[in-house]
Each structure stands twice: as structure tokens, then as C-alpha cells.
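Encoded as C-alpha cells, the structure appears first; notes follow it.
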Amino acid sequence: MPDPDPTTTRTHGLTSTEVSTLASKAVAAKELAYCPYSNFRVGCALLCEDGEYVLGANIENASYPVTICAERTAFSKAIVEGRKKFRAVGVSTDISPPASPCGMCRQFIREFCDLNTPIFMWDKDGQYLVMTLEQLLPMSFGPEQLHKPDPKGSN
Ligand SMILES: [Zn+2]
């Protein structure tokens, strides 16, 4: 896997070690995919505010629309583990150029991440693109547009 570009990592407030770790975790997460119908493996790794990494993978279903993407799997796992703040998102697939999170996942990520959160997308060869959430989901609708949620429900 190529080393991350130091300028890119600095721009996003991450160390090169954090980006390298995010890469290896996102790639490893592909092994967790359950995708017997598409054979399209997606791995996701989240770098949480507490420094922990949470993994997710796509989980398909014989009733196709029931399928859940790697990103939503990872965020759901993190949320129920009590982690609600994130510094970076990493996604890995077996194609090139790299795949980006689908529209539904972009909105799901929007609920839990600042607009400047970097989303790294690794291709099959370990090359990556990185974009902020705002670049992937411009003029987005988020929690601040609604009344503040009941603290009992949000924490
Ligand atoms: Zn998705």
C-alpha cells in the first residue's frame, strides 16, 4: 500500500500513521463482507474521536433492497458502542478508480460527522482519493436544521 501523501494528511488533521492505519483497516474490513449476490466487497473503517477504529462491511440479502452498505454497518456499530464523534472515514473496494459512498450513506454519514470530515476512498491497488463530506454531499440537510433532539434520545 503506498504511503499517504503528507500534505493531504496534514490538511485533514491526521497523522500519516492514522491514515495508513485507516487504510489497512478499511482494506481488512472487505474480508468481512457478506456479498454472495454481487461479489462486490466493500470495507469501511471509521477513525473515532477516542482514537479507536470501528469496521464495517456490506451485508447483502436475498431480498436485495434489504442490503446494508459497509458505511452504514460501521456507523451503526460505532453508535451502539457509544461512539458518536468521528475524525475520518475510510472506504475500500476491489475496483479502480475507487468507489465513493452511495447517496444514502452520504446522508447517513452527515448525521454524525462534521462537513469537513475527510472521506478516504481506496481502490484495489491502494491508491486513494480523499474528499470532505461537504464535497460529497453539497448543500446537505442535517441535524441542525431540525429542533435540537431530546438529549435522552441523542445520547
Ligand atoms: Zn451506501
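The values are calculated or read from the model by the stated rules, or taken from the named source; none is laboratory data. As the structure is a prediction and not an experimental result, all values here were calculated from the model. In this analysis, Cβ positions are derived from the backbone assuming ideal geometry, glycine residues included, and neighbour counts consider all displayed protein chains. Heavy atoms of the whole protein, side chains included, go into the accessibility calculation; ligands, DNA and RNA do not. Shrake-Rupley method; radii C 1.70, N 1.55, O 1.52, S 1.80 Å.
Taking the numbered list (1) without any contact (Cβ under 8 Å) to a residue 24 or more places away in the chain; (2) surrounded by fewer than 13 Cβ atoms within 10 Å (Cβ to Cβ); (3) in a loop (DSSP other than H, G, I, E, B) in turn, ASP50 passes all entries but (1). Of all residues in the stretch 97-121, those being under 22 Å from THR11 (Cα atoms), of a type in the set (A, V, I, L, M) and assigned to a helix (DSSP H, G or I) number 1.
Quick check on this structure: which one of LYS124, LYS77 is of a type in the set (Lys, Arg), within 21 Å of SER38 (Cα to Cα) and either in a loop (DSSP other than H, G, I, E, B) or away from the ligand (no atom under 12 Å from the Cβ) (or both)?
Numbers: LYS77 fails: within 21 Å of SER38 (Cα to Cα).
Of the residues listed, the single one that is of a type in the set (Lys, Arg), within 21 Å of SER38 (Cα to Cα) and either in a loop (DSSP other than H, G, I, E, B) or away from the ligand (no atom under 12 Å from the Cβ) (or both) is LYS124.
Do you know which residues across the stretch 110-127 are open to solvent by less than 50 Å² (accessible area, probe 1.4 Å) and over 13 Å from the mean Cα position of the chain (by Cα)?
ASP123, GLY126 - these are the residues of the stretch 110-127 that are open to solvent by less than 50 Å² (accessible area, probe 1.4 Å) and over 13 Å from the mean Cα position of the chain (by Cα).
Considering the conditions (1) open to solvent by less than 30 Å² (accessible area, probe 1.4 Å); (2) in a helix (DSSP H, G or I), ALA88 is excluded by exactly one of them, (2).
On the basis of being surrounded by 13 or more Cβ atoms within 10 Å (Cβ to Cβ), more than 15 Å from the ligand (Cβ to nearest atom) and under 25 Å from THR11 (Cβ atoms), does ASP94 make the cut? The answer is no for ASP94.
Taking into account only those residues within the stretch 81-95 that are closer than 17 Å to PRO4 by Cβ and among the small types (Gly, Ala, Ser), which is farthest from the chain's Cα centre (by Cα)?
The residue in question is SER92.
Give me a count of the residues in the stretch 97-109 that are more than 9 Å from the ligand (Cβ to nearest atom), under 26 Å from PRO143 (Cβ atoms) and open to solvent by 60 Å² or more (accessible area, probe 1.4 Å). Here the count works out to 1.
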